[in-house]
Amino acid sequence: MASLQTCGPFPNHKVIRNRWVLNQKMDGCKRARLVAKGYSQAEGVDYLEIFSPIICYESICLMFALVALENWYITVLDIKMAFLYGKLNEEIYMKQPKGFTAQGQGSKVMCLHCALYGLKQAALQWWKELKAFMKSMGFHQASSDARVFIYKQHDG
């Protein structure tokens, strides 16, 4: 996910800081998540575009109505750690996380290859990965709402 690069003058790039977000689940398990401080990213330098794939309320109502009328099968899924699967197109440099600094290499930074929570372009990169996967599985996007994927069998 990340490789160490010597910290130096990166043209037009800032080194992004990060922080640990610590949670305790209801069952007592503790979880630590590394989050990038994306608010320090500059548009046009660290990212070119952002996108948030939120489905329209009308599309959900229409899908449920069609499923009920036509006796279709519908599947909805939630992917854990979804934003961590998007591959970055830009060069993003991040400081080493607190507590995980390599011994004697404190002046180095990480070059991120995959998105992290908090990056401005994380949602867009995840969306691109999901769209490519769905198309490879034979789904196509609905013309009325590009966030809805449809799989049509050959027999109708």
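The values are calculated or read from the model by the stated rules, or taken from the named source; none is laboratory data. Since the structure is predicted, the reported quantities are computational estimates derived from the model, not experimental observations. Glycine gets a Cβ as well: all are built from the backbone with ideal geometry, and neighbour counts include every protein chain shown. These area figures cover heavy atoms from the full protein model, side chains too; ligands, DNA and RNA do not enter into them. Shrake-Rupley method; radii C 1.70, N 1.55, O 1.52, S 1.80 Å.
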Self-check item: Residue that is nearest to TRP20 (Cα to Cα), among those in the stretch 115-135 that are in contact with a Lys or Arg (Cβ under 9 Å, 6 or more places away or on another chain) and assigned to a helix (DSSP H, G or I)
Solution: GLN125
Quiz item: For the stretch 25-53, which residues satisfy the criterion of being among the small types (Gly, Ala, Ser), within 27 Å of GLY99 (Cα to Cα) and open to solvent by 50 Å² or more (accessible area, probe 1.4 Å)?
Solution: ALA32
Practice problem: Under 7 Å between Cβ atoms, at least 6 apart or on separate chains: pull out the pairs that start in the stretch 142-156 with a residue that is among the basic types (Lys, Arg) and end on any residue that is part of a loop (DSSP other than H, G, I, E, B). | Solution: ARG147/PRO53; ARG147/ILE55
Exercise. Return yes when LEU69 is outside any loop (DSSP other than H, G, I, E, B), open to solvent by 100 Å² or more (accessible area, probe 1.4 Å) and more than 17 Å from VAL15 (Cα to Cα) and no when it is not.
Key: yes
Quiz item: Hey, GLY138 hits all of (1) at pLDDT below 85; (2) assigned to a loop (DSSP other than H, G, I, E, B) but one; which does it fall short on?
Solution: (1)
Self-check item: Meets criteria (open to solvent by 40 Å² or more (accessible area, probe 1.4 Å), over 17 Å from LEU34 (Cβ atoms) and within 17 Å of the chain's Cα centre (by Cα)) for ALA123
Solution: no
Quiz item: Any residue at all in the stretch 79-102 that is part of a loop (DSSP other than H, G, I, E, B), polar (S, T, N, Q), modelled with pLDDT under 85 and loosely packed, with under 10 Cβ neighbours inside 10 Å?
Solution: no
Quiz item: Can you spot a residue in the stretch 54-64 that is free of Cβ contacts under 8 Å to residues at least 40 places away in the same chain, in a strand (DSSP E or B) and open to solvent by 60 Å² or more (accessible area, probe 1.4 Å)?
Solution: no
Practice problem: Filter the stretch 35-73 down to residues that are on the phi > 0 side of the Ramachandran plot and at pLDDT 85 or above, then give me how many there are. | Solution: 1
Quiz item: What pairs come up if the first residue lies in the stretch 95-124 and is under 24 Å from LYS80 (Cα atoms), the second is open to solvent by 80 Å² or more (accessible area, probe 1.4 Å) and outside any loop (DSSP other than H, G, I, E, B), and their beta carbons are under 6 Å apart, counting only those six or more places apart or on different chains?
Solution: CYS114/LYS87
